[in-house]
Amino acid sequence: MSRVYIDRDWKFSSEFQEAYIHQMMQDGMDVTIPHTVAETPFHYFDESTYQMISCYQRQMVIPAQWKGQTIFLVFEGVGHQADVYVNGEHVKHHCNGYTRFSIDISEVVRYGGENLVTVKVNSREDINQPPFGFVIDYMTYGGIYRDVYLEVKSPVYMWDVFYQPSLMTPPRTRGMKAVDIANYTVLGQLVTEMRLSETAQKLMKEHRLMIRQTLDDKQISKQPLENGGYSKTVAGDVYLWDIESPRLYHVVTELLVDGRVCDRHEADIGFREFSFKKEGFYLNGRRVKLRGLNRHQSYPYVGYAMPEQMQREDARICKKELGLNAVRTSHYPQSHYFLDECDRLGLLVFTEIPGWQHIGDQEWKDIAVENTREMVVEYRNHTSIMLWGVRINESGDDDDFYVRTNKVAHEMDTTRPTGGVRCNKKMSFLEDVYTYNDFSHNGPNAGCEPKKKVTPDVERPYFISEYNGHMYPTKSFDWEEHRMEQTLRHARVLDAVAGEAEIAGAFGWCMFDYNTHKDFGSGDRICYHGVMDMFRNPKMAAAIYAAQADEEPVLEITSSMDIGEHPASVRGETYIITNADSVRMYKNDALVKEYTPEMSSFSNLAHGPILIDDFVGEDMQLMEGFSNRQTRLIKTCLNTVSIHGYKATPKIFWAALQLMVFYRMNMKDATRLFQQYVGDWGGVSKVYRFEAIKDGKVVKTVVKNPMTTPHMEVKVSHTTLVEDQTYDVASIRMKACDEYGNVLPYFQEAIRVEASGMVGVIGPRTIPFRGGMAGLYVKTLGALGEGKIKLSAEGMEPVEISFSVEKKENS
């Protein structure tokens with residue numbers, strides 16, 4: 001088998017004409033796939049921008065030597081309804097904007113000559129298929145936004161190959177550290193199911209068909225093909241695929257006829273054992289609490305149309321920057337590049353059929369059932385997938401319909417359970433796992449509802465598929481206390497879920513902000529529900545997730561320590577978010593207090609937020625000569641006032657009374673001590689330093705001091721760009737920071753972008769900082785060489801980033 005990508009050299013028109021079925025358009029735009037039918041502004045636009053019936057065309061020469069072979073034309077994703085014509089003949093009508101479809105064009109192409117491929121793309125939102133039919137809380141965009149390629153096969157081929165790796169001995173990883181899991185082996189088994197071409201099935205009667213398999217280049221099987229396409233073999237001792245150590249093996253399956261290789265299939269697979277039980281989720285013999293976020297596949301300006309590296313980058317951000325162990329692909333199947341990276345990184349995936357609340361007529365339902373079949377068959381070789389979502393997100397009960405979606409998912413894959421996302425309690429439970437959007441937390445109440453109040457059957461598995469989100473939208477430029485409250489709400493839910501033994505885990509809404517319809521989000525057509533902004537810059541709440549992992553040191557302080565940010569200059573509560581063993585807090589270089597995880601009120605989290613409850617420290621007693629008791633009483637008053645303001649609480653009243661009666665202190669004394677040891681409006685600002693300690697060493701430092709000079713910091717996804725079957729894109733995330741690396745959340749100056757050489761820019765060339773952060777996408781232009789991006793903003797030193805555009809090795 002050979003694969004030939006045809007992402008380049010397409011023509012595009014925003015209007016489809018019947019003449020295009022038979023002839024090449026003359027005035028079309030030259031485009032490369034992935035492509036969106038319309039680039040959009042960052043915000044303040046609506047769905048009419050991309051709603052159209054458009055046309056894509058490509059001419060291609062089919063080599064004469066391919067005659068006698070089977071040629072498939074494959075589209076990885078076309079949003080949302082596609083009609084494909086080859087040389088004027090209609091060869092496919094596809095009703096799913098989120099799954100792959102394949103067309104046998106062997107009989108309609110001209111060998112040794114030019115062939116015209118025309119694709120009519122309907123991206124209107126009035127078509128009768130999922131997710132359409134009513135309002136939708138996300139933009140759906142349009143275009144041929146995933147790869148297109150030809151697959152050339154012998155007539156004797158494997159139509160579909162499904163690998164089912166399993167463990168022959170029970171794994172026992174409970175209590176193991178990551179390094180131990182990485183070195184742990186068990187006896188593995190590999191079951192392979194395949195569908196054979198008609199020609200191959202006929203040959204089985206007269207010829208000897210064999211299957212030969214290798215695992216990381218080591219042959220593990222060579223056996224006759226039985227039962228039309230089934231093999232089972234012992235794989236030997238294998239390392240586990242795990243969230244702590246995601247070991248993948250490269251499997252190659254060859255179909256041999258009379259000793260000659262006729263077809264070959266390759267995949268990367270992992271050996272693991274997982275299950276959902278009443279008491280939670282189990283992976284390789286130990287219980288794992290799922291900690292995830294929901295991810296849309298959209299990006300500023302280009303919607304769904306982003307190539308490989310940006311898809312992989314999102315998975316890396318989930319795992320490496322946010323510390324997640326799971327992700328939900330809301331509300332539709334997503335790019336294989338994203339899933340490949342989840343496989344590689346050890347990120348568990350819950351993927352689901354397209355849809356949002358609405359269930360349509362019988363034709364609509366039939367399409368949804370087919371969508372289910374397409375999803376399972378296409379994605380089932382991804383080791384990271386743990387659950388199939390077979391209900392329309394947040395839809396009502398429809399047992400007849402959902403019996404069908406469950407049935408087809410189980411028929412196509414007997415190795416994984418099904419789930420279905422609901423927004424109501426005690427609904428019909430046809431799936432294997434009850435998944436529910438728990439938006440009950442509103443600040444002062446419990447973080448989540450107990451399982452027994454939600455699911456109709458407490459003996460079966462349950463997890464939370466969404467929480468927070470619209471309950472507290474938060475912009476990166478909201479005031480400090482608003483951003484902190486979003487952070488604490490995520491922490492409260494995580495803490496509550498961690499304390500509920502029979503909740504398998506929870507997926508927060510959501511990973512990043514996204515464009516949406518007028519019925520949702522803010523008036524600018526953005527849902528500010530993410531723990532990151534649309535460019536994947538972290539908001540304060542992102543730190544809560546990052547702190548639950550141990551890979552990178554995390555230290556965030558929820559305040560800039562600028563008291564003027566707060567009403568009446570009362571700073572309110574301030575929290576330390578860290579995954580360190582302890583955090584030392586200094587004021588003007590004097591140690592105030594050392595905080596440890598045990599001091600957090602979020603007792604179910606290994607690394608919960610820690611309230612800063614001491615702004616005085618030990619200096620006062622040393623300088624003033626107070627007794628221990630007097631010092632304790634004064635600190636009670638000063639710290640309470642510092643956090644909550646001048647409120648006469650019983651606690652303060654009692655402490656103040658003792659100070660006046662026993663130590664003859666008055667309000668003048670209190671004012672002097674507060675100004676000197678805490679600081680207030682009209683006083684000299686203090687310098688705070690926080691040091692995260694891990695294994696006795698300082699691993700990260702945060703300094704809070706009034707800024708004097710802003711500067712720009714950038715994070716680039718990659719600087720070596722690759723021109724392969726299509727263009728490459730790199731992301732640049734920018735932050736306006738003070739001298740100590742703290743983001744300046746109200747910095748809103750414009751950034752001027754200059755591109756030179758072999759790179760260009762997606763979107764506008766002048767972009768503002770929003771919440772002290774911004775983003776940019778850099779795109780290759782089809783040629784090799786060097787490129788440069790220069791970023792300039794008022795009051796800052798310019799930043800230059802160099803890129804190298806290269807050809808992929810062996811390409």
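Points to keep in mind about this one:
- Single residue of LEU784, LEU721 found to be at negative phi and open to solvent by less than 50 Å² (accessible area, probe 1.4 Å): LEU721
- Residues located in segment 17-40, provided they are open to solvent by 60 Å² or more (accessible area, probe 1.4 Å), free of Cβ contacts under 8 Å to residues at least 40 places away in the same chain and not polar (S, T, N, Q): GLU18, ASP27, MET29, ASP30
- The set of residues in segment 603-649 being open to solvent by 20 Å² or more (accessible area, probe 1.4 Å), closer than 30 Å to TYR545 by Cβ, assigned to a loop (DSSP other than H, G, I, E, B) and of a type in the set (A, V, I, L, M) consists of LEU605, ALA606.
- Total residues in segment 315-335, condition in contact with a helix residue (DSSP H, G or I) (Cβ under 6 Å, 6 or more places away or on another chain) and either part of a helix (DSSP H, G or I) or among the polar types (S, T, N, Q) (or both): 3
- Residues satisfying the stated conditions in segment 83-103, i.e. in contact with a His (Cβ under 6 Å, 6 or more places away or on another chain) and closer than 11 Å to THR118 by Cβ: ASP83, GLY88
- Selection status of LEU387, surrounded by 20 or more Cβ atoms within 10 Å (Cβ to Cβ) and under 20 Å from the mean Cα position of the chain (by Cα): yes
- The sole residue among TYR149, TYR184, TYR98 that is surrounded by 21 or more Cβ atoms within 10 Å (Cβ to Cβ) and either at pLDDT 95 or above or more than 27 Å from HIS35 (Cα to Cα) (or both) is TYR98.
- Contact map, segment 656-684: residues that are β-branched (Val, Ile, Thr) paired with residues that are modelled with pLDDT of 85 or more, Cβ distance under 6 Å, separation 6+ or inter-chain. Pairs shown: VAL678/PHE615; VAL678/LEU638; VAL678/SER642.
- Single residue of ASP513, ASP519, ASP478 found to be among the acidic types (Asp, Glu) and modelled with pLDDT under 95: ASP519
- Residue match in segment 528-535 (condition: out of contact with any Gly (no Cβ under 7 Å at 6 or more places or on another chain) and either polar (S, T, N, Q) or not in a loop (DSSP other than H, G, I, E, B) (or both)): yes
- Residue in segment 223-233 that is at pLDDT below 90, touching a helix residue (DSSP H, G or I) at 6+ places or on another chain (Cβ under 8 Å) and of a type in the set (Gly, Ala, Ser) present: yes
- Qualifying positions in segment 1-13 - in a loop (DSSP other than H, G, I, E, B) and either surrounded by 14 or more Cβ atoms within 10 Å (Cβ to Cβ) or in contact with a Phe, Trp or Tyr (Cβ under 6 Å, 6 or more places away or on another chain) (or both): MET1, ILE6, ASP7, ARG8
- For segment 470-487, a residue qualifies if it is open to solvent by 10 Å² or more (accessible area, probe 1.4 Å) and closer than 14 Å to GLY443 by Cα, and the qualifying residues are HIS470, MET471, TYR472, PRO473, GLU481, HIS482, ARG483, MET484, GLU485.
- Members of segment 235-247 found to be modelled with pLDDT of 90 or more and either over 35 Å from the mean Cα position of the chain (by Cα) or open to solvent by less than 40 Å² (accessible area, probe 1.4 Å) (or both), listed by number: GLY236, VAL238, LEU240, TRP241, ASP242, ILE243, SER245, PRO246
- Test for GLU809: is it free of Cβ contacts under 8 Å to residues at least 12 places away in the same chain, over 22 Å from TYR299 (Cβ atoms), in a loop (DSSP other than H, G, I, E, B) and out of contact with any Gly (no Cβ under 6 Å at 6 or more places or on another chain): yes
- Inter-residue pairs, beta-carbon under 9 Å, first of a type in the set (Lys, Arg) and in segment 370-387, second modelled with pLDDT of 95 or more and part of a loop (DSSP other than H, G, I, E, B), 6+ apart: ARG380/ASP413; ARG380/THR415; ARG380/ARG416
- Extreme residue, nearest to GLU313 (Cα to Cα), among residues of segment 724-740 that are open to solvent by less than 30 Å² (accessible area, probe 1.4 Å) and assigned to a loop (DSSP other than H, G, I, E, B): ASP728
- Filtered residues of segment 22-68 (kept if in contact with a His (Cβ under 8 Å, 6 or more places away or on another chain) and modelled with pLDDT of 95 or more): TYR56
- In segment 56-95, residue nearest to the chain's Cα centre (by Cα) [restricted to those that are crowded, with 21+ Cβ neighbours inside 10 Å and among the aromatic types (Phe, Trp, Tyr)]: PHE75
- Restricting attention to segment 121-146 and to residues that are open to solvent by less than 10 Å² (accessible area, probe 1.4 Å) and of a type in the set (Phe, Trp, Tyr), the residue that is nearest to ALA200 (Cα to Cα) turns out to be TYR145.
- In the set (1) among the β-branched types (Val, Ile, Thr); (2) open to solvent by less than 20 Å² (accessible area, probe 1.4 Å); (3) over 16 Å from the mean Cα position of the chain (by Cα), the condition left unmet by VAL327 is number (3).
- Within segment 201-218, considering residues that are more than 30 Å from GLY270 (Cβ to Cβ) and not charged (D, E, K, R), the one nearest to the chain's Cα centre (by Cα): GLN201
Yes or no, residue by residue, for (1) within 30 Å of ASP314 (Cα to Cα); (2) out of contact with any His (no Cβ under 8 Å at 6 or more places or on another chain); (3) hydrophobic (A, V, I, L, M, F, W, C):
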residue	(1), (2), (3)
THR671	no, yes, no
TYR677	no, yes, no
LYS700	yes, yes, no
VAL703	yes, yes, yes
HIS711	yes, yes, no
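- Within the span defined as segment 202-220, every residue fails to be touching a helix residue (DSSP H, G or I) at 6+ places or on another chain (Cβ under 8 Å), at negative phi and of a type in the set (Asp, Glu).
- Counting only strands (runs of 3 or more DSSP E) wholly contained in segment 544-589, the ones carrying 3 or more residues that are in contact (Cβ under 8 Å) with a residue 12 or more places away in the chain and over 33 Å from the mean Cα position of the chain (by Cα) occupy 582-587.
The values are calculated or read from the model by the stated rules, or taken from the named source; none is laboratory data. Since the structure is predicted, the reported quantities are computational estimates derived from the model, not experimental observations. Please note: Cβ atoms are built from the backbone with ideal geometry, for glycine as well, and neighbour counts cover all protein chains shown. When the accessible area is computed, the model is the full protein with side chains, heavy atoms only, and any ligands, DNA or RNA have been set aside. Shrake-Rupley method; radii C 1.70, N 1.55, O 1.52, S 1.80 Å.
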